[in-house]
Amino acid sequence: MRPSRSPRTTHPVPARPRGRRLLALAAAAVAAPAVLVATAAPSTAVDDRAADRAKDRAVLKDHQNPRDTLRAAAPKGFYLGSAVAGGGHHEEQPYADPFAYDVEYRDRLAREFSSLSAENQMKWEYIHPQQGFYNFYPADAIVRFAQEHDQVVRGHTLLWHSQNPEWLTEGDFTDEELREILRDHISTVVSRYAGRIQQWDVANEIFTEEGEFREENIWITRLGPGIIADAFRWAHEADPKAKLYFNDYNVESFNAKSDAYYELIQDLLADGVPVHGFAPQSHLSTQYGFPNDLRANLQRFVDLGLETAITEIDVRMEVGEDGPTAAQLAQQADYYQRALQACLDVRECKSFTIWGFTDKYSWVPVFFPSEGSATVTTETYERKPAYNALQDTLRAATRAGWGR
Ligand code: G3I
């Protein structure tokens with residue numbers, strides 16, 4: 001099943017993954033009754049890691065002006081983030097896993113950003129590929145990298161309809177077993193990174209455009225919406241310091257979908273459920289208007305006592321043979337700038353994450369073959385007007401004493 005591309009939505013429904021790559025370690029785990037955990041790569045990979053670190057150090061020596069970055073421009077206490085490219089659509093591309101192997105990419109990721117989000121590496125199909133087997137290796141690498149580079153981490157994601165492993169979606173489990181599988185997953189994954197993940201997307205994309213619970217969501221369909229409260233409670237028990245979020249696309253504006261979150265969150269808060277944040281992902285397109293009510297929409301959730309964040313922004317466009325036009329790039333810069341400004345204007349919006357920072361690795365052309373150029377730098381890391389607009393806006397906020 002390919003993603004739907006309804007013109008009404010600014011974002012596709014992601015495809016449900018099918019056959020999966022199986023690690024040798026995972027295969028061994030299938031037969032074993034106990035919970036197995038992979039925390040280290042085979043020895044050759046360990047050697048590769050040492051070599052990678054040496055290469056990283058060489059590139060880092062050659063760094064540009066450390067003040068001329070997005071993270072340096074940001075006011076203190078405001079986090080500028082990027083998704084960490086790896087897994088997902090990258091596996092279908094003619095290059096090696098970017099985060100694991102692209103030294104220049106890693107260098108820029110370290111220098112430009114103060115927050116990292118796991119693009120795919122913490123999703124069920126990666127971190128829990130077999131029943132009773134967790135593969136923490138890729139996620140551990142991100143958390144370790146973040147610590148080395150003084151970055152916070154956004155965990156993504158715990159309860160979602162997509163990128164779930166086949167053993168789960170095709171398994172013959174009773175409702176009670178399914179509930180226990182989710183509880184174990186959340187407790188195991190969240191406690192592993194306790195104190196090292198700033199925000200978790202606990203529930204991702206649970207509503208349709210009409211504000212109904214998605215039928216594809218195995219957890220909600222099988223166990224009922226009450227499982228959402230359980231998920232937040234289990235995550236909070238596992239890491240009381242992490243801020244726990246709802247995350248979705250097409251909720252930048254006031255509409256049936258964001259209204260559904262607004263209602264649900266009020267009910268959950270009234271029941272004492274530890275919900276801390278609501279985040280519009282913000283996958284925007286120059287084909288559609290900018291969501292002018294973004295700031296007001298963020299504010300209504302903050303008024304409930306929540307924090308908020310922009311978690312996955314990119315701004316895609318129809319790209320002709322000659323590449324994007326100056327007008328398209330200007331419109332894109334304007335969208336990025338306005339989204340950032342909306343976040344900066346709302347007191348409890350302190351984290352702004354772009355879903356990849358180079359067109360080299362963007363998910364957009366894979367989902368939308370005629371579209372692209374959605375990130376803030378080109379495939380060769382040249383800065384687009386959008387990069388400059390973000391940097392200027394961050395510097396202006398710093399000068400204006402943002403947060404004080
Ligand atoms: O697993 C199937 C495989 O069986 C099939 O043969 C193959 C053929 O197309 O597709 C495989 O699925 C891929 C999936 O990752 C598996 O991991 C998809 O094609 C691929 O496009 C997908 O990409 C990821 C996507 O989430 C999946 O929904 C992207 O890398 C990732 O950037 C994207 O990130 C999401 C956020 O998590 C949530 N918000 C939206 C955002 C963009 O879609």
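Under the condition of being outside any helix (DSSP H, G or I) and among the hydrophobic types (A, V, I, L, M, F, W, C), which residue from the stretch 68-102 is farthest from Glu348 (Cα to Cα)?
Ala96
This table checks each residue for (1) closer than 19 Å to Gln198 by Cβ; (2) crowded, with 17+ Cβ neighbours inside 10 Å.
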{"site": "Val315", "(1), (2)": "no, yes"}
{"site": "Asp334", "(1), (2)": "no, no"}
{"site": "Ala342", "(1), (2)": "no, yes"}
{"site": "Cys349", "(1), (2)": "yes, yes"}
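Hey, can you tell me all the residues within the stretch 361-374 that are under 18 Å from His156 (Cβ atoms) and more than 13 Å from the ligand (Cβ to nearest atom)?
none
Identify the residue in the stretch 255-307 that is of a type in the set (A, V, I, L, M) and not in a helix (DSSP H, G or I) and, among all such residues, is farthest from Gln199 (Cα to Cα).
Leu284
The rows are residues; the columns are (1) hydrophobic (A, V, I, L, M, F, W, C); (2) over 30 Å from Ala72 (Cα atoms).
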| position | (1), (2) |
| --- | --- |
| Leu159 | yes, yes |
| Arg179 | no, yes |
| Asp184 | no, yes |
| Thr188 | no, yes |
| Tyr193 | no, no |
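Can you list the strands (runs of 3 or more DSSP E) found entirely within the stretch 109-224 that contain at least 1 residues being within 18 Å of Asp248 (Cβ to Cβ) and in contact (Cβ under 8 Å) with a residue 40 or more places away in the chain?
115-118, 152-159, 199-204
Among the residues of the stretch 141-162, are any surrounded by fewer than 16 Cβ atoms within 10 Å (Cβ to Cβ), at pLDDT 95 or above and within 16 Å of the ligand (Cβ to nearest atom)?
Checking the stretch 141-162: not a single residue is surrounded by fewer than 16 Cβ atoms within 10 Å (Cβ to Cβ), at pLDDT 95 or above and within 16 Å of the ligand (Cβ to nearest atom).
Residues in the stretch 226-247: is at least one surrounded by 21 or more Cβ atoms within 10 Å (Cβ to Cβ), within 16 Å of the ligand (Cβ to nearest atom) and not polar (S, T, N, Q)?
Among the residues of the stretch 226-247, at least one is surrounded by 21 or more Cβ atoms within 10 Å (Cβ to Cβ), within 16 Å of the ligand (Cβ to nearest atom) and not polar (S, T, N, Q), which makes the answer yes.
Any residue in the stretch 351-360 that is more than 16 Å from the ligand (Cβ to nearest atom), touching a Lys or Arg at 6+ places or on another chain (Cβ under 9 Å) and of a type in the set (Phe, Trp, Tyr)?
No, the stretch 351-360 contains no residue that is more than 16 Å from the ligand (Cβ to nearest atom), touching a Lys or Arg at 6+ places or on another chain (Cβ under 9 Å) and of a type in the set (Phe, Trp, Tyr).
Which residue is nearest to the chain's Cα centre (by Cα), if the candidates are limited to the stretch 74-99 and must be surrounded by 20 or more Cβ atoms within 10 Å (Cβ to Cβ) and of a type in the set (A, V, I, L, M)?
Ala83
Going residue by residue through the stretch 375-382, is there one that turns out to be of a type in the set (Phe, Trp, Tyr), modelled with pLDDT of 95 or more and buried (at least 20 other Cβ atoms within 10 Å of the Cβ)?
no
Among the residues of the stretch 248-293, which ones are more than 21 Å from the chain's Cα centre (by Cα) and β-branched (Val, Ile, Thr)?
If the condition is that a residue be more than 21 Å from the chain's Cα centre (by Cα) and β-branched (Val, Ile, Thr), then Val273, Thr286 are the ones that fit.
The values are calculated or read from the model by the stated rules, or taken from the named source; none is laboratory data. In this text the structure is predicted, and so the values were computed from the model without any measurement. All Cβ positions, even for glycine, are placed from backbone atoms using ideal geometry, and neighbour counts span all protein chains on display.
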